[in-house]
1. When Lys and Arg each count +1 and Asp and Glu each count -1, what net charge do the other residues less than 14 Å away from A170, Cβ to Cβ, add up to?
2. Using DSSP H assignments, which helices in the chain have an axial alpha-carbon span of 27 Å or above and a mean Kyte-Doolittle hydropathy of -1.0 or higher?
3. Does segment 161-280 come out rounded, prolate or oblate, given a ≥ b ≥ c as the square roots of the eigenvalues of its C-alpha gyration tensor, rounded meaning a/c under 1.5 and, failing that, prolate meaning a/b above b/c?
4. If a paramagnetic tag sat 7 Å from the Cα of K67 along the Cα-Cβ line, which residues of segment 1-44 would have the backbone N under 12 Å from that point?
5. Just how many pairs of Lys in segment 186-333 have C-alpha atoms closer than 23 Å, counting pairs that are eight or more places apart or on different chains?
6. What is the distance in Å between the Cα centres of segment 451-506 and segment 196-269?
7. Charges on Cβ only, +1 for Lys and Arg, -1 for Asp and Glu, centred on the Cα centroid of the chain; of G411, A543, P180, which one is farthest towards the dipole's positive end?
8. Taking a ≥ b ≥ c as the square roots of the Cα gyration tensor eigenvalues, with a/c under 1.5 meaning rounded and otherwise prolate when a/b beats b/c, else oblate, which class fits the chain?
Amino acid sequence: MPKANPRHPKFPIPGGPELRAKGWRQEALLRLLENVLSVGEDPDNLVVYAALGKAARNWAAHRGIVKALTEMEEDQTLLIQSGKPIGLIRTHAKAPLVIMANCNIVGQWAKAEVFYELQRKGLICWGGLTAGAWQYIGSQGVIQGTYEIFMRIAERRFGGDLAGRFILTAGLGGMGGSQPLAGRMAGAAILCVDIDPERARKRKEIGYLQEIAPDLDTALAMIDAAVKEKRALSVGLVGNAAEVYPEIARRGIVPDIVTDQTSAHDLVYGYVPKGMSLSQVKELRDDGQGQLMAAGRASIVQHVTAMLDFQKKGSEVFDNGNLIRTQAKEGGVTNAFDIPIFTEAYLRPLFCRAIGPFRWMALSGEESDIARIDDLLLEMFPNNKIITNWVRLAREHVPFEGLPARIAWLGHGERTALARRVNELVASGELKGPIAFSRDHLDAGAMAHPNIMTERMKDGSDAIADWPLIDAMMLCSSMADLVVVHSGGGGYAGYMTSCGVTVVADGTGEADERLDHALTNDTALGVMRYADAGYEDALDEVAKKDVPYIRLG
Ligand code: NAD
């Protein structure tokens, strides 16, 4: 039985043993589509997260997808182009059930303005990373990544601990909403600024944010008290970051860590310029795009200038993957890239070993299935400190949204081993239903994004998008259930290409084969990508785990 969804009553959370499709694989993908809407930011408009990341192009397309998933046989493949179903072809039972290409625009045309025009004509939609691929699991999807960043900074600069440290950030949206909880889990006092009171309220309601301060003075006093008492605390403040950051700097306050996760990548549907209300922005989206973009960029200039100011005064400042430095540079902040990107600054050694944001969702809707897999993780990886620490913390702090899910940064071989064991637990009936395995697109072999994932690669291969394309073709020939290639939309147009994958553990021998091939090959490619760029950690992983990388002499 689906569960009621108090946040979005029209979008119940899927679950239960009854199938509407002709098999669990098809049913699984249908539930994942339902799930991204049940946890999405604006499901009435099919928007899941990141301002404009959509689950389907429009409601007619959505209905077509649901019909196809419900009626299709296991030896068919549904083709989806930018969120619209375009064909149901005959393949075979080992082929993917769904393949998609979302928002891929030819190079010279891949610009925000062209994207908005194509979108207006109804010809394209942006899938974000995990929205269009039905893999989004709510704010938990990036929480471990954010937590690991904070902990790397803690290790490097603050003796391994963020107790008594002040983190300043902004953005409490679909992904940014993970920041207050990640900061609190890392032991810090974290202030999160968001222009939209609804977003702050929602994060508080679902347990990701503790307090909402009525004004900046109160917010800073709350943070100050928590810092002095070395007490973990998350505080939200409704305001424009382009005003609040410079004001905090003007008062001479220097946070220990500063970042931002507003939707700065999209100057039309995302970032709210200083001095404008949300309703003014909405009105300008159709006819005043130029005005909005100019005003947004001018605000980002002030926002990033304050971040650079904090950096000069000693704060650890980083870009959290929203293109804010790029926008600032285009607005004239020539040194915006003095701020490092989080991937290169903190996480690249993990990606070299294909350790990245792996996740799974309990299709039964039962939280006990995730709890059992949490136990399994601790049993299988007792010496993996990242995992054991994370599972204990996540169990205590991370509330479920939509289908119960867990994210855990596992690497090559580990993902496959876990998933195959889980498949056995599905077969034995120890779990109440099948489990869908997936990952963020921001994964070792899966994304080319020269201002986020592949910035300053050792061999200069930042802009080469062959890797996600190879990943997708390889996953189709490795029996994955859903394979997708995404490129950037809105402000990300022309900036990125990524690949996504989902494989369903339904307890069958065929699922075991699919999980083994798809997950092993996916992470192998991740290690190869970094080995090929010359990273020692990746070459070490090749040798240690016998990754079939061809190293030319
Ligand atoms: P979202 O659209 O759901 O939320 C963005 C939030 O920013 C909204 O709550 C909005 O009110 C707020 N905002 C906009 N302008 C503001 C301003 N001037 N001052 C204060 N608040 C403002 O987006 P999201 O899903 O949370 O993603 C945020 C950004 O992070 C996007 O650019 C996205 O692409 C990026 N992202 C990065 C990663 C990563 O791995 N680091 C992962 C996912 C998303």
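The values are calculated or read from the model by the stated rules, or taken from the named source; none is laboratory data. Bear in mind the structure is a predicted one, so any value in this text is a computation, not a measurement. Every residue, glycine as well, gets a Cβ built from its backbone with ideal geometry; the counts of neighbours run over all protein chains shown. In case anyone asks, the SASA skips ligands and DNA or RNA and just uses the protein heavy atoms, side chains included. Shrake-Rupley method; radii C 1.70, N 1.55, O 1.52, S 1.80 Å.
1. Values: positive: R199, R203, K274; negative: D194, D196, E243, E247, D260, D319.
Once positives and negatives cancel, what remains is -3.
2. Once both thresholds are applied, what remains is 289-312, 509-532.
3. Working: a/c = 1.81, a/b = 1.42, b/c = 1.28.
Because a/c hits 1.5 or more and a/b exceeds b/c, segment 161-280 counts as prolate.
4. none
5. Value for segment 186-333: 9.
6. Between the Cα centres of segment 451-506 and segment 196-269 lies a distance of 33 Å.
7. My answer, from the dipole projection, is P180.
8. Rounded shape, in that the Cα axes give a/c under 1.5.
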